[in-house]
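First the structure, in the form of structure tokens, and then the observations on it.
Throughout, read-outs are computed from the coordinates displayed, never taken from laboratory work. Quick caveat: nothing in here was measured; it's all calculated off a predicted structure. Don't worry about glycine lacking a Cβ; one is built from the backbone with ideal geometry, like all the others, and counts go over all protein chains shown.
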Amino acid sequence: MPDLNGRVALVTGASRGVGRGVALGLAHAGAKVYATSRTIADADLESSITKLTCDHTDDEAVATVFQQIDEQAGQLDVLVNVAWGGYERMVEDGRFTWMAPFWEQPAWRWDAMVTTGVRAAYVASQHAARAMVRARRGLIVHVSSWAGRKYGGNTVCGLAKAATDRMASDMGHELASHGITVVSLYPGLVRTEGVLAAGVFDLSNSESPEFIGRAVAALANDPEVARWNGSVVVAAALAAEYGFTDIDGKTPRPLTWAEV
């Protein structure tokens, strides 16, 4: 395991799923972890993780979170943007709308994915960058997906993920001279609560949520992490690069284009 003792991390959208797994993975690596979401108070997280309730569509609430971290820890070394929206209410009036063509999509899904997702990551990154620029070090990770590069059945999702990837690229360009690395991270099939509840997925090459946290921890521990700056990195490929495994000791195989 990487040794992140003395590092401070913030994980947004950490009440469940990938966000919760990232928070746990970083905490297990020794980082001081802050975790946010609207329902974070009820999240099943270890006592070492500090829960800060935050609606990431509320700019004042977001500013308060970063102020609290600065006052309590005096630094921020890692930001992982996981907070997202748009996956809720996939069925409306008895119809599964997620795979509907864009002209039949409910308008609220645009706001959920672009505002709760992309804009939330942008605003959080602004605050993080200010602290990291002062320290001349830091890592910002945007959790994205293959939908940004390959059609996945939903135009709004593809657009939002592509925007997230471009945001990582451009932020990385602007922050490179300040010693800060920005990446877009692609998980594979993650065994989140929703995936397990669906009961329809082939889990033979799946990943635990904590596996994504281990990927972030490996990046944060790499003294040459700047080589990834502005790029898309795949969690399973990072496992091969850094030599870490999933919590069950397995090493998931990176997905191919055909499998995505």
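Please go through segment 10-81 and write out the GluC sites (Glu not before Pro) that DSSP classes as loop and that have at most 16 other C-beta atoms within 10 Å. Display every interim value, and only then the final one.
Values: sites: Glu46, Glu60, Glu71; in loops: Glu46.
Hits after loop and neighbour filter: Glu46.
Straight-line reach from Lys150: which lysines have Cα under 18 Å away, leaving out those fewer than 8 places along the same chain?
Lys161
Select from segment 163-260 those trypsin sites (Lys or Arg not before Pro) which occupy a DSSP coil region and have at most 16 other Cβ atoms within 10 Å, ordered by residue number.
Taking segment 163-260 and a limit of 16 other Cβ atoms within 10 Å, the loop trypsin sites (Lys or Arg not before Pro) found are Lys250.
So what is the 222 nm mean residue ellipticity for the chain from helices alone, if each DSSP H run of at least 4 adds -39500 (n - 2.57) and you divide by all residues, rounding to the nearest 500 deg cm²/dmol?
On the way: 7 runs with 91 residues, N = 260.
That calculation yields -11000 deg cm²/dmol at 222 nm.
Per 0.36 nm of contour for each residue apart, how much would the distance between Ala41 and His173 grow if the chain were fully extended, relative to their Cα-Cα spacing? Mind dumping the intermediate values first?
Working: separation 132, 0.36 × 132 = 47.52 nm, distance 3.59 nm.
Value of the extension gain: 43.9 nm.
For segment 1-134, what's the relative contact order in percent, using C-alpha pairs closer than 8 Å and at least 6 residues apart?
Details: 213 pairs, mean separation 31.0, N = 134.
Here the relative contact order equals 23 percent.
What are the lysines whose alpha-carbon lies under 23 Å from the alpha-carbon of Lys32, with same-chain residues fewer than 8 places away excluded?
Within the straight-line cut-off, Lys32 pairs with Lys51.
Quick one: work out Rg over Rh on the C-alpha atoms of segment 177-260, Rh as Kirkwood radius. It would help to have the intermediate numbers written out before the result.
On the way: Rg = 13.8 Å, Rh = 13.7 Å.
Using Cα coordinates only, the ratio equals 1.01.
For segment 140-188, what's the relative contact order in percent, using C-alpha pairs closer than 8 Å and at least 6 residues apart? Don't skip to the end; give the middle numbers.
Numbers: 67 pairs, mean separation 23.8, N = 49.
Relative contact order of segment 140-188: 49 percent.
For the chain, build the charge dipole from Cβ charges (+1 Lys, Arg; -1 Asp, Glu) around the Cα centre, then report which of Ala14, Ala83, Met167 sits farthest towards its positive end.
Farthest towards the positive end: Met167.
Quick check: residue separation of Glu92 and Ile247 times 0.36 nm, minus the Cα distance between them. What number comes out in nm? All intermediate terms of the calculation are to be shown ahead of the outcome.
Details: separation 155, 0.36 × 155 = 55.80 nm, distance 3.64 nm.
Extra length available between Glu92 and Ile247 comes to 52.2 nm.
Please work out whether segment 104-234 counts as rounded, prolate or oblate from its C-alpha gyration tensor, where a ≥ b ≥ c are the square roots of the eigenvalues and a/c under 1.5 means rounded, while otherwise a/b larger than b/c means prolate and anything else oblate?
Details: a/c = 2.24, a/b = 1.38, b/c = 1.62.
Judged from the Cα gyration tensor, segment 104-234 comes out oblate (a/c at least 1.5, b/c at or above a/b).
Select from segment 65-141 those trypsin sites (Lys or Arg not before Pro) which occupy a DSSP coil region and have at most 10 other Cβ atoms within 10 Å, ordered by residue number.
Working: sites: Arg89, Arg95, Arg109, Arg119, Arg130, Arg134, Arg136, Arg137; in loops: Arg89, Arg136, Arg137.
Hits after loop and neighbour filter: Arg136.
Can you list the lysines whose alpha carbon is less than 16 Å from that of Lys250, not counting same-chain residues fewer than 8 positions off?
Qualifying lysines at Cα under 16 Å: none.
Using a basic spin-label model with each label point 7 Å from the Cα along Cα→Cβ, how many nm lie between Ala100 and Ser48?
The answer from the label model is 4.6 nm.
Mean separation of Cα pairs under 8 Å and 6+ residues apart, divided by the residue count of the chain: what relative contact order is that in percent?
Numbers: 510 pairs, mean separation 50.4, N = 260.
It rounds to 19 percent for the chain.
Please say if the chain is rounded, prolate or oblate, where rounded means a/c under 1.5 for a ≥ b ≥ c the square roots of the C-alpha gyration tensor eigenvalues, and otherwise the choice is prolate for a/b larger than b/c and oblate otherwise?
Numbers: a/c = 1.44, a/b = 1.25, b/c = 1.16.
Because its axes are fairly even, with a/c under 1.5, the chain counts as rounded.
Taking a ≥ b ≥ c as the square roots of the Cα gyration tensor eigenvalues, with a/c under 1.5 meaning rounded and otherwise prolate when a/b beats b/c, else oblate, which class fits segment 1-155? Numbers along the way, then the final one.
Working: a/c = 2.02, a/b = 1.90, b/c = 1.06.
Since a/c reaches 1.5 and a/b is larger than b/c, the shape of segment 1-155 is classed as prolate.
Looking only at His173, His142, His28, which one moves most when the chain is put into a Gaussian network model with springs between Cα atoms under 10 Å?
His173
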